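Engineer: Shown below is the structure under consideration.
The values are calculated or read from the model by the stated rules, or taken from the named source; none is laboratory data. Remember, it's a predicted structure, so these values are computed and weren't measured experimentally. Heads up, the Cβs are rebuilt from the backbone with ideal geometry, glycines too, and the neighbour counts pull from every protein chain shown.
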């Protein structure tokens, strides 16, 4: 299982809907197919993708093989994104502050045109 | 208002988009002049960037070294500029120290200005989908990505 597969699996709206349904509790393929205007084989295909990505697992009951949510893959995908988002956001907030200072500096250097300082690109 | 987005794109890339309230030549300078880069590309929690040298021309090299507040931990990155189109676009390659084998990513940063605001889009491309996956996994296991080692410590404490 890879993060890549996780993100690819999450990119499809039908699969996200299936995950949303499973967050309420386990369900069989038939039960999952019900709300969708889709054949059972089509739903089964989505379920295979989700299973392959580690987002769901299937029960051992040979008849029903209920699907259930596996939260670990989802948690990993989220924690990775959150982690990097936090890093970049912290940096860019410092960059915001720096740019404000640079704008003040530029305005000082060009007192003749204080109102058009946003456009200035002259040296 | 200046919300950032960060997401995987395809199976090789990560894309970061962020707007800044400044003209793009200014943002471009902040991304390319070492005395300015030093001011914001730190880690939080007191991580400093004692070495930040940038030879900003095509084929020129960059070197970045970070240190933890107690001086006990460090990380470093070497880069090389591939394309420079002031003030619209920078393409550079980067390799982090300390990976078992050198893994090079290619980073394309573009700057688009509208009404005095600049939108920066950064596409980080890994050589293969496997490498990107490896980067992501090591990031999760260690609380920091090998490709983003410079910022170690931020999340550990969060």
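Engineer: Condition check: surrounded by fewer than 19 Cβ atoms within 10 Å (Cβ to Cβ) and more than 25 Å from residue B:132 (Cα to Cα). Does residue B:57 satisfy that?
Structural biologist: Taking the combined requirement at face value, the residue satisfies it.
Engineer: If you don't mind, another one. Among A:42, A:86, which is at pLDDT 80 or above and surrounded by fewer than 17 Cβ atoms within 10 Å (Cβ to Cβ)? Reasoning before the result, please.
Structural biologist: On the way: A:86 fails: at pLDDT 80 or above.
After applying the criteria, what remains is A:42.
Engineer: OK, next. Do you know which of the residues in the range B:20-48 that are touching a strand residue (DSSP E or B) at 6+ places or on another chain (Cβ under 8 Å) and surrounded by fewer than 19 Cβ atoms within 10 Å (Cβ to Cβ) is nearest to residue B:66 (Cα to Cα)?
Structural biologist: It comes out as B:48.
Engineer: If you don't mind, there's one more thing I want to ask. Is it the case that residue A:59 is surrounded by fewer than 16 Cβ atoms within 10 Å (Cβ to Cβ) and modelled with pLDDT of 85 or more?
Structural biologist: yes
Engineer: Further, regarding this structure: Could you please let me know if residue B:131 is modelled with pLDDT under 70, under 18 Å from the mean Cα position of the chain (by Cα) and surrounded by 15 or more Cβ atoms within 10 Å (Cβ to Cβ)?
Structural biologist: Spelling it out, residue B:131 is indeed modelled with pLDDT under 70, under 18 Å from the mean Cα position of the chain (by Cα) and surrounded by 15 or more Cβ atoms within 10 Å (Cβ to Cβ).
Engineer: As an exercise: evaluate residue B:6 against (1) modelled with pLDDT of 90 or more; (2) not in a helix (DSSP H, G or I) and give the number of the one condition it does not meet.
Structural biologist: Going through the list (1) modelled with pLDDT of 90 or more; (2) not in a helix (DSSP H, G or I), residue B:6 breaks only (1).
Engineer: Also, quick follow-up: If you check residue B:88 against the conditions, is it more than 10 Å from every other protein chain (Cβ to nearest Cβ), closer than 18 Å to residue B:116 by Cα, over 16 Å from the mean Cα position of the chain (by Cα) and touching a residue at least 60 places away in the same chain (Cβ under 8 Å)?
Structural biologist: yes
Engineer: Kindly state which helices (runs of 4 or more DSSP H) lie completely within the range A:1-64 and contain at least 1 residues that are within 14 Å of another protein chain (Cβ to nearest Cβ), touching a strand residue (DSSP E or B) at 6+ places or on another chain (Cβ under 9 Å) and closer than 29 Å to residue B:129 by Cβ. Steps first, please.
Structural biologist: On the way: elements: A:3-10, A:13-22, A:29-33, A:40-52.
Because the criterion is at least 1 residues that are within 14 Å of another protein chain (Cβ to nearest Cβ), touching a strand residue (DSSP E or B) at 6+ places or on another chain (Cβ under 9 Å) and closer than 29 Å to residue B:129 by Cβ, the helices (runs of 4 or more DSSP H) in the range A:1-64 that meet it are A:3-10.
Engineer: Which one of these does residue B:56 not meet: (1) within 11 Å of chain A (Cβ to nearest Cβ); (2) over 14 Å from the mean Cα position of the chain (by Cα); (3) closer than 18 Å to residue B:109 by Cα?
Structural biologist: Among (1) within 11 Å of chain A (Cβ to nearest Cβ); (2) over 14 Å from the mean Cα position of the chain (by Cα); (3) closer than 18 Å to residue B:109 by Cα, residue B:56 violates only (1).
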